[in-house]
Every structure is written in structure tokens, then in C-alpha cells.
Amino acid sequence: MSGAGAPDFFYREAQRLGYVARSAFKLLQIQKQYKLITSGSSVLDLGCAPGAWLQVACQSLGPLNKGGVVVGIDVKKVKVPQLHCDSRAQTVCADVMNLPRNRIRALSPQRGFSVILSDMCPPVSGITTKDSALSVELGMRALEIAVGRTSLEQTEANLEDLVTGVDDDDVNGLLQRGGHLVIKLLESEDGQEFSRICKPLFRKASWLRPKATRSSSREIYLICQGLQSQSKK
């Protein structure tokens, strides 16, 4: 079967190395190329099931005495994997679409995060336009959690229609200045428009399709580096 070789390789490697899913290699590649997570980082993992990204993120924090934290959130209940994780990793079972940011903020000793990862993806229906729209909706929620409503409104006047589950009193983002954001999307024109919203907010924004992505998948990652301070109106 076309494209079957690479998935088989990553599946076998995940089992051999103790990762709970082959998706670990997507974040491993992102880490190798961009070095977003450093020693002592505070990491938020949105859509953390089944836990492979928790493993890679925790590994990337460095030795336990360097500190750091990894918080995973998913609508499914996720156990922190024993291998590659330590006491710095924790999970929360909740729906990111309506979870107030102040509740997420309380999970970080730094009251914020230096890296936010979103591997969220909607159940694929096969209807391209529908799947793309749902993917962007999840991506927009991740962006809004990261930068806050105020920054988004300064960037795009009509973003309110795209953001769901927002508490009007909870307007500050959770991503620290200079922090990094990774968002999974499905390749589409909507995704390109989404990237145009992100670019003014970060020092650099670029696309990556990791080698571990299945050949039949439209998944692609937007890597946003260096959150910038937004000018006040």
C-alpha cells in the first residue's frame, strides 16, 4: 500500500522507544528543528490524548532539578505515561472550548506558559470544507487561549465570530511574551487565512508537515515563534 512504509516504521519505533503513540515523532521533529521547549519551560498541551506529546515535552524540560511543568488537557481522561514523564507532568479532563483561561492559568506555577501546543483535531467527516472549518475553529480557540481576546481584536476586527466559548471577563492570554505556539490544522484556504492572523502576533510563523504524518492525512502544523508585545490603541 502506498505510504504504508513510513507509518509502519514510526509505529514500530514508538513501541521500541516506549512512546504511547507514533505522534511522538511529530513533536520530536518540531523540537529538533525549532527547539521550542527548553530546560525549565512551562508547557501547555491542548488535546493531549493519548499522551505521546506529554512524553516528548517532559523529556525536553531537562533534569528534574531544572524545574518546569507540562499540563495536558483533553476531553478524554488521560493518564500521564510512566515512561519518559515525571512529576512535572499532569493532565486535566476538560473541554478546551469552554474552559476559562483563569482555570488553566492556575495550573502553572508561573501563572502562564512559555510554550503552548495544540494537537487538537476534529473527527474527520470526509467533507473537506466542513472538516477544514472545524479545524480552524479549534485552532482559533488555541490561539485565543494563547494571546487573549484583546490581541486578537487588534489583529482582526471580525474575529469574535470565529471564537467560541470565551468568557468576556477573561481576556488575557496564557502565553508569555517571547513564547511559542504550535497549532495543528488541516491544509485549506481557511488555514492560510488563519496563518495571516497569526503572523503579526509573532516574530515568525512557518508551516511544517512532519515526516511522521500519514501520507493520506491533510494535517499540517503552524509553528509560531516569539510572541510579540502588542501596541495599545
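I'm told A14 meets every condition in (1) more than 19 Å from the chain's Cα centre (by Cα); (2) under 22 Å from Y221 (Cβ atoms); (3) part of a loop (DSSP other than H, G, I, E, B) except one. Can you identify the failing condition by its number?
With respect to (1) more than 19 Å from the chain's Cα centre (by Cα); (2) under 22 Å from Y221 (Cβ atoms); (3) part of a loop (DSSP other than H, G, I, E, B), A14 is out only on (3).
Among A212, A205, which is modelled with pLDDT of 90 or more, among the aliphatic types (A, V, I, L, M) and open to solvent by less than 20 Å² (accessible area, probe 1.4 Å)?
A212
Restricting attention to segment 50-71, does a residue exist that is modelled with pLDDT of 95 or more, in contact with an Asp or Glu (Cβ under 9 Å, 6 or more places away or on another chain), closer than 18 Å to R103 by Cα and assigned to a loop (DSSP other than H, G, I, E, B)?
no
Counting only residues that are outside any strand (DSSP E or B), of a type outside the set (A, V, I, L, M, F, W, C) and under 15 Å from the mean Cα position of the chain (by Cα), how many does segment 22-42 have? Spell out the reasoning first.
Applying the first criterion (outside any strand (DSSP E or B)) to segment 22-42 yields 22-41.
So of that shortlist, the ones also of a type outside the set (A, V, I, L, M, F, W, C) come out as 22-23, 26, 29, 31-35, 38-41.
With the extra rule that they be under 15 Å from the mean Cα position of the chain (by Cα), the set shrinks to 23, 26, 29, 31, 34-35, 41.
The total comes to 7.
Which one of the conditions (1) free of Cβ contacts under 8 Å to residues at least 60 places away in the same chain; (2) open to solvent by less than 40 Å² (accessible area, probe 1.4 Å); (3) touching a strand residue (DSSP E or B) at 6+ places or on another chain (Cβ under 8 Å) does L27 fail to meet, given that it meets all the rest?
(1)
Please give the number of the condition Q110 fails out of (1) part of a strand (DSSP E or B); (2) over 20 Å from G139 (Cα atoms).
Against the list (1) part of a strand (DSSP E or B); (2) over 20 Å from G139 (Cα atoms), Q110 comes up short only on (1).
Name the residue, out of V69, V80, V56, V43, that is surrounded by fewer than 23 Cβ atoms within 10 Å (Cβ to Cβ) and touching a helix residue (DSSP H, G or I) at 6+ places or on another chain (Cβ under 8 Å). Full working, then the answer.
Numbers: V69 fails: touching a helix residue (DSSP H, G or I) at 6+ places or on another chain (Cβ under 8 Å); V56 fails: surrounded by fewer than 23 Cβ atoms within 10 Å (Cβ to Cβ); V43 fails: surrounded by fewer than 23 Cβ atoms within 10 Å (Cβ to Cβ).
So the residue among V69, V80, V56, V43 that is surrounded by fewer than 23 Cβ atoms within 10 Å (Cβ to Cβ) and touching a helix residue (DSSP H, G or I) at 6+ places or on another chain (Cβ under 8 Å) is V80.
Run down P100, P109 and say which single residue is more than 21 Å from L185 (Cβ to Cβ) and open to solvent by 60 Å² or more (accessible area, probe 1.4 Å). Lay out the reasoning, then the answer.
Working: P100 fails: open to solvent by 60 Å² or more (accessible area, probe 1.4 Å).
Checking each option against the conditions leaves just P109.
Is it the case that some residue within segment 218-225 is farther than 26 Å from G126 by Cβ, modelled with pLDDT of 95 or more and among the β-branched types (V, I, T)? Walk me through it before giving the result.
Filtering segment 218-225 down to residues farther than 26 Å from G126 by Cβ leaves 223-225.
Filter once more, keeping what is modelled with pLDDT of 95 or more: 223-225.
So of that shortlist, the ones also among the β-branched types (V, I, T) come out as 223.
Within segment 218-225 (the criterion being farther than 26 Å from G126 by Cβ, modelled with pLDDT of 95 or more and among the β-branched types (V, I, T)), the answer is yes, since at least one residue qualifies.
The values are calculated or read from the model by the stated rules, or taken from the named source; none is laboratory data. Just so it is clear, the structure is predicted and the values come from calculations on it, not from any experiment. Because the Cβ atoms are built from the backbone with ideal geometry, glycine has one as well, and the counts that use them run over all protein chains shown. Ligands, DNA and RNA are stripped out before the accessible areas are found, and what is left, the full protein with its side chains, is counted by its heavy atoms. Shrake-Rupley method; radii C 1.70, N 1.55, O 1.52, S 1.80 Å.
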